[in-house]
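The values are calculated or read from the model by the stated rules, or taken from the named source; none is laboratory data. None of the values given here were measured: they were computed from a predicted structure. Because the Cβ atoms are built from the backbone with ideal geometry, glycine has one as well, and the counts that use them run over all protein chains shown. What goes into the accessible areas is simple: the full protein's heavy atoms, side chains included, and nothing from ligands, DNA or RNA. Shrake-Rupley method; radii C 1.70, N 1.55, O 1.52, S 1.80 Å.
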Amino acid sequence: MRIACLGGGPAGLYFAISMKLRDPAHRIDLFERNRPDDTFGWGVVFSDQTVENLMANDPVSGGVIAGEFAHWDDIDVHIHGQTIRSSGHGFIGIGRKRLLNILQERARALAVDLHFEHEASPDLADWAGYDLVIAADGANSRLRDRYEPHFGVDIQVRRNKFFWFGTNKVFEAFTFAFEKTEAGWIWAHAYRFDDDLSTFIVEMDPETWAGLGFDRMDQREAIARCETIFAEYLDGHALMSNATHLTGAQAWLNFRRIKCDIWAHENLILLGDAAHTAHFSIGSGTKLALEDAIKLAEVLNRPGLTRAAALAEYQAERNLEVLKLQNSARNSTEWFETLDRYLHFEPIQFAYSLLTRSQRVSHENLRLRDKAWLEGVERWFQSQARGKAVNEPAPPMFAPFKLRGLELANRVVVSPMAMYSAGDGTPNDFHLVHYGARAQGGAGLIYTEMTCVSPEGRITPGCTGLYGPEHVEAWRRIVDFVHANSAAKFCLQLGHSGPKGSTKVGWEGYDVPLDSGNWPVMAASDVPWSADNQIPRPMTREDMDRVIDEFVASVRMGLEAGFDMIELHAAHGYLLSSFITPLTNRRTDEYGGSLENRLRFPLELFRAMRAAWPEDRPMSVRISANDWMGDLGITPDDAVAIGRAFWAAGADLIDVSAGQTWADCQPVYGRMFQTPFADQVRNEGRVTTMAVGNIYEPDHVNSILAAGRADLVALARPHLIDPSWTLRAAAQQDYRRVAVPPPYLGGMAQLARNLQREAELKA
Ligand SMILES: Cc1cc2nc3c(=O)[nH]c(=O)nc-3n(C[C@H](O)[C@H](O)[C@H](O)COP(=O)(O)OP(=O)(O)OC[C@H]3O[C@@H](n4cnc5c(N)ncnc54)[C@H](O)[C@@H]3O)c2cc1C
Ligand SMILES: Cc1cc2nc3c(=O)[nH]c(=O)nc-3n(C[C@H](O)[C@H](O)[C@H](O)COP(=O)(O)O)c2cc1C
């Protein structure tokens, strides 16, 4: 094949090498606009796994690269005058220029024709003599831009400003240094990549950047300012720029996140940064470029594969890996962009939050990397939770938590789950066994299902209620059992179905109206849940007064029944949620319009409940923190204001759920997918939060808690099939101080022993 490779960065060079290795008969011309020794940037980092891939593909260049790597294990986080060092992270770094020189030499040896100082034309017609044209011309690819409509290009320009410096200061650890200036926070990511050279990337938000005057400074002044700010870390060494061709503000970059739906058009193929980018804070761009090159060369040389099939396979395989890394990179980018959220953390928690920011590294990963450090975090967390020095490390999920006068034994919560198994609102033996088993299963707090304040407030005829004396009696029996037979506390979730009422029980069709016997429904406005549901009656002031009275009456009955805590359900499109989201609140009176107006009735109702509930018992509010409808609905930013408003009205915990407010919403599911909202509401709103949503491993729970992303963690579906989820988690972590019903102690010991034995065998 005759191939034109446009761009001589890692992607282009390594592709040329990989093709020649597979078939020396390929004729490859590589065109690079710069000279062999010119390059932007300084060092790049890799993982051990990437080096193994390089060795497997080409032991010659792989061996040279591996022999020249600078290796280090430690990460230092400098914040608020303290240095937090953790170890076991295993990075390797190499100079970008050195990497390119190694690859150039190898390409030459394999008879690739290298043409430097040659500006490649972005017009395919100029490459007519070639079978394949490879666009390896980097993030600003002119070829990609020229044929943009064919590639489905999506470019996001991120907000922070950064400058990629070098320095002769040799950093022994990968270093993150955060410094406060008069205009805001500014930080450096620094690592050694050679005997006497380190990369030093300076980053800050655009407000700080302008506030410090970087937009008006030339490079010399900017460098001098950065040297002063980071003097403590540079030990008198200078910062060096190799972007001297750029003037003043231009040398500061904004990261561009690039994604393409399609990576090939006719015989033009995108490779490396031209096809996708990953934020520098997770250091994976070069890895992706090199691995793209290996895969493309492999499929193009696979016997019997047509070119179309080869290209389809190249994209299918690489895309998955790229998406995973881009997701982690997005989390990491956002962490740095929302740094203000975490600056009030103590340094140890700040460092933990930084290390786990991409969500690729979890609590247990950190234990593997540096057990002693992680145990220090666990001791710190337990000491905070217990208000006294704790010498024994223990998983964060087993730290107690106090809400007003209520002490929870641990941070695991059974999330509210409708069982649709009641008759006329009365819970029965099913509920006794259901809640009893989950209370005995070890969670610190269990929630009732949404329990309704009136017959019309039920979602289905099977919903539980708390609006008559028979309900109080039935609930009291269950609450008494829970209190007598477990250490769990019991929270009553009270709600009103509003526009989503009068429907079938869950397993007969979610939100589907009853075949007969429907009752009229009401809401903030006459917006039905779907075309099949009833059009609700917009509530009058009299309706509001009546509903407030009903909630208050249920609160009093909840007290009689002996509940420890009450939650107001203001999420998921039910009555109160129909007021909060602008998608369903179309009112023109003082209960519609601005968020303040839309919150007026829910807050009034909440205050009335609070006044009827004893001072020393806590209350929570469940909210939908994202309508998943972009700016048309509630956004996580709104959720911060909503959380704060309920907090000011006396809530002790914001239970941060999301969605179910609009039938056509577009949720983005995934592991712990709603936790970022709990994090934002907690750390921007400075309130206590509970995270929920596809959290299913003890490792998830510990990571969320230790990183300060939430104070409690609720699990719903995992508890449906495993009422003893918490006891199992305790056994898995060999934690013995959890409350186990005495007759079950033997089972716990046996499980712990078996798990231990399995772990030993695996090791
Ligand atoms: C601040 C910063 C830090 C980074 N840190 C790391 C890190 O630690 N680890 C890591 O793996 N990655 C890192 N990266 C990313 C990494 O640099 C890129 O992902 C990687 O270089 C991509 O390789 P590439 O060959 O696709 O593109 P590039 O390296 O950009 O190479 C493209 C080449 O094409 C040439 N070119 C462009 N247009 C033309 C044209 N018209 N004619 C001829 N030649 C042309 C360019 O001169 C360039 O040499 C970092 C990036 C930044 C911005
Ligand atoms: C069967 C079932 C019933 C539910 N009923 C309620 C409910 O009554 N009140 C409520 O706020 N959320 C309810 N939810 C939502 C859960 O509390 C939880 O937010 C959701 O299932 C996501 O958590 P998970 O991924 O751990 O299941 C229900 C979920 C399930 C699976």
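Which of the residues that make up the range 646-673 are away from ligand 2 (no atom under 16 Å from the Cβ) and among the hydrophobic types (A, V, I, L, M, F, W, C)?
Within the range 646-673, W647, A648, A649, W662, A663 qualify.
Go through the range 674-729 and give me each residue that's among the β-branched types (V, I, T) and within 12 Å of ligand 2 (Cβ to nearest atom).
If the condition is that a residue be among the β-branched types (V, I, T) and within 12 Å of ligand 2 (Cβ to nearest atom), then T675, V692, I695, V701, V713, I721 are the ones that fit.
Give me the residue from the range 590-628 that is more than 16 Å from ligand 2 (Cβ to nearest atom) and of a type in the set (S, T, N, Q) and, out of that set, surrounded by the most Cβ atoms within 10 Å (Cβ to Cβ).
Looking at residues that are more than 16 Å from ligand 2 (Cβ to nearest atom) and of a type in the set (S, T, N, Q), I get N597.
Cβ contacts < 6 Å: first residue within 19 Å of F398 (Cβ to Cβ) and open to solvent by 10 Å² or more (accessible area, probe 1.4 Å), restricted to the range 682-703; second residue of a type in the set (A, V, I, L, M) and more than 10 Å from ligand 2 (Cβ to nearest atom), any location; separation 6+ or different chain. Result?
That search, which allows pairs on different chains as well, returns T688/L653; P698/A729.
Would you confirm, using the coordinates I've provided, whether Y744 is in contact (Cβ under 8 Å) with a residue 12 or more places away in the chain, assigned to a helix (DSSP H, G or I) and of a type in the set (S, T, Y)?
yes
For the range 119-133: of the residues being farther than 14 Å from H26 by Cα, within 43 Å of the chain's Cα centre (by Cα) and in contact (Cβ under 8 Å) with a residue 12 or more places away in the chain, which is surrounded by the most Cβ atoms within 10 Å (Cβ to Cβ)?
The residue in question is A120.
Could you tell me how many of the residues in the range 43-65 are under 17 Å from Y191 (Cα atoms) and open to solvent by 40 Å² or more (accessible area, probe 1.4 Å)?
2
What's the number of the condition N242 fails, among (1) modelled with pLDDT of 90 or more; (2) touching a Ser or Thr at 6+ places or on another chain (Cβ under 8 Å); (3) within 13 Å of ligand 1 (Cβ to nearest atom); (4) not β-branched (V, I, T)?
Unmet for N242, out of (1) modelled with pLDDT of 90 or more; (2) touching a Ser or Thr at 6+ places or on another chain (Cβ under 8 Å); (3) within 13 Å of ligand 1 (Cβ to nearest atom); (4) not β-branched (V, I, T): (1).
Just one of N140, N160 is within 13 Å of ligand 1 (Cβ to nearest atom) and open to solvent by 40 Å² or more (accessible area, probe 1.4 Å); which is it?
Just one listed residue meets the conditions, N140.
Regarding D73, is this residue exposed (fewer than 15 other Cβ atoms within 10 Å of the Cβ), in contact (Cβ under 8 Å) with a residue 12 or more places away in the chain and away from ligand 2 (no atom under 16 Å from the Cβ)?
no
What number of residues within the range 426-455 satisfy the criterion of being small (G, A, S) and more than 18 Å from G562 (Cα to Cα)?
Qualifying residue count for the region: 5.
Any idea which residue in the range 249-289 is farthest from ligand 2 (Cβ to nearest atom), counting only those that are outside any helix (DSSP H, G or I) and basic (K, R)?
R256
Which condition number does Y510 fail, the rest of (1) under 20 Å from I580 (Cβ atoms); (2) assigned to a loop (DSSP other than H, G, I, E, B) being met?
Of everything listed in (1) under 20 Å from I580 (Cβ atoms); (2) assigned to a loop (DSSP other than H, G, I, E, B), Y510 misses just condition (1).
Conditions tested, residue by residue: (1) of a type in the set (D, E, K, R); (2) more than 10 Å from ligand 1 (Cβ to nearest atom); (3) more than 23 Å from N301 (Cβ to Cβ).
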position: R22; (1), (2), (3): yes, yes, no
position: T39; (1), (2), (3): no, no, yes
position: V44; (1), (2), (3): no, no, yes
position: A66; (1), (2), (3): no, yes, yes
position: N101; (1), (2), (3): no, yes, yes
position: A107; (1), (2), (3): no, yes, no
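Residue-by-condition table, conditions (1) closer than 29 Å to V656 by Cβ; (2) over 23 Å from the mean Cα position of the chain (by Cα); (3) not basic (K, R):
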residue	(1), (2), (3)
L715	yes, no, yes
L727	yes, yes, yes
A739	yes, yes, yes
Q750	no, yes, yes
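Of the conditions (1) farther than 20 Å from P741 by Cα; (2) within 15 Å of ligand 2 (Cβ to nearest atom); (3) open to solvent by 20 Å² or more (accessible area, probe 1.4 Å), E473 clears all except one; give me its number.
Here E473 clears every test but (2).
Of everything in the range 400-426, what is closer than 23 Å to W519 by Cα, assigned to a loop (DSSP other than H, G, I, E, B) and away from ligand 2 (no atom under 13 Å from the Cβ)? Give them in sequence order.
Scanning the range 400-426 gives D424, G425.
Please enumerate the residues belonging to the range 8-25 that are open to solvent by 10 Å² or more (accessible area, probe 1.4 Å) and in a loop (DSSP other than H, G, I, E, B).
G9, D23, P24, A25
Quick check: anything in the range 290-311 open to solvent by less than 40 Å² (accessible area, probe 1.4 Å) and not in a helix (DSSP H, G or I)?
Scanning the range 290-311 turns up no residue that is open to solvent by less than 40 Å² (accessible area, probe 1.4 Å) and not in a helix (DSSP H, G or I).
For the range 557-584, give me each residue that is part of a loop (DSSP other than H, G, I, E, B), open to solvent by less than 10 Å² (accessible area, probe 1.4 Å) and either polar (S, T, N, Q) or closer than 20 Å to G650 by Cα (or both).
Residues satisfying the conditions are F563, A571, T581.
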